[in-house]
Amino acid sequence: MHKIETTFAGRPLTVESGKLARQAAGSVMVRFGDTMVVAAVTAPARSWTARILGARPLRFLGKYSYALYLFHYPVIIYLSKRGLAAWRLASPGESTIPAQLLVMAVAFAVTLALSLASWHLLEQPFLRLKRLFPYRPA
């Protein structure tokens, strides 16, 4: 990790290059997701975009997307506090990309497992309760 120290508006400013890179990568991923949502909504039904976004693996992830969203950040924090962070796994002077890919794969696997468990053990039983409370328009 590399620190960049400068001043901004007369005040000292320190930026850690690794942190800045992670924030930029996260921002790019969010913008990519936003773009995919817009593409899915605006694409004609038979377009290549609709076929890709309608693929079985993406539909599978879509079913569990809310739980994935809820669990991903706590999992990342938990793994980081337990020592599974890319900057700890890479040797000094080495690229952290393989370590980052490993951390992302482990975080995704743990998040997916928690999401599946949450869906089947919590969400589904509560969704079945809906039949006990029929909808009555006002």
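The values are calculated or read from the model by the stated rules, or taken from the named source; none is laboratory data. Computed from a predicted model, the values in this text were never measured in an experiment. Neighbour counts run over all protein chains shown; Cβ positions are idealised from the backbone, glycine included.
Could you list all residues from region 1-43 that are basic (Lys, Arg) and modelled with pLDDT of 65 or more?
Within region 1-43, Lys3, Arg11, Arg31 meet the criteria.
Has region 84-97 got any residue that is modelled with pLDDT of 80 or more and aromatic (Phe, Trp, Tyr)?
No, there is no match, as no residue in region 84-97 is modelled with pLDDT of 80 or more and aromatic (Phe, Trp, Tyr).
Residue pairs, Cβ under 6 Å, 6 or more apart or interchain, first in region 87-108 and over 19 Å from Tyr73 (Cβ atoms), second modelled with pLDDT of 75 or more and assigned to a helix (DSSP H, G or I). List them.
Partner pairs satisfying both residue conditions: Leu89/Ala99; Ala90/Ala99.
Please determine whether any residue of region 51-58 is assigned to a helix (DSSP H, G or I), among the hydrophobic types (A, V, I, L, M, F, W, C) and more than 20 Å from Met36 (Cα to Cα).
no
Give region 101-128 a look and list any residue that's crowded, with 17+ Cβ neighbours inside 10 Å and either polar (S, T, N, Q) or under 15 Å from Tyr69 (Cβ atoms) (or both), or say none.
Within region 101-128, Ala107, Val110, Thr111, Leu112, Leu114, Ser115, Ser118 meet the criteria.
Yes/no per residue for (1) small (Gly, Ala, Ser); (2) assigned by TED's automatic domain parsing to the domain that holds Leu112; (3) without any contact (Cβ under 8 Å) to a residue 40 or more places away in the chain:
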{"position": "Val28", "(1), (2), (3)": "no, no, yes"}
{"position": "Val38", "(1), (2), (3)": "no, no, yes"}
{"position": "Val41", "(1), (2), (3)": "no, no, yes"}
{"position": "Thr49", "(1), (2), (3)": "no, no, yes"}
{"position": "Gly62", "(1), (2), (3)": "yes, yes, yes"}
{"position": "Leu68", "(1), (2), (3)": "no, yes, no"}
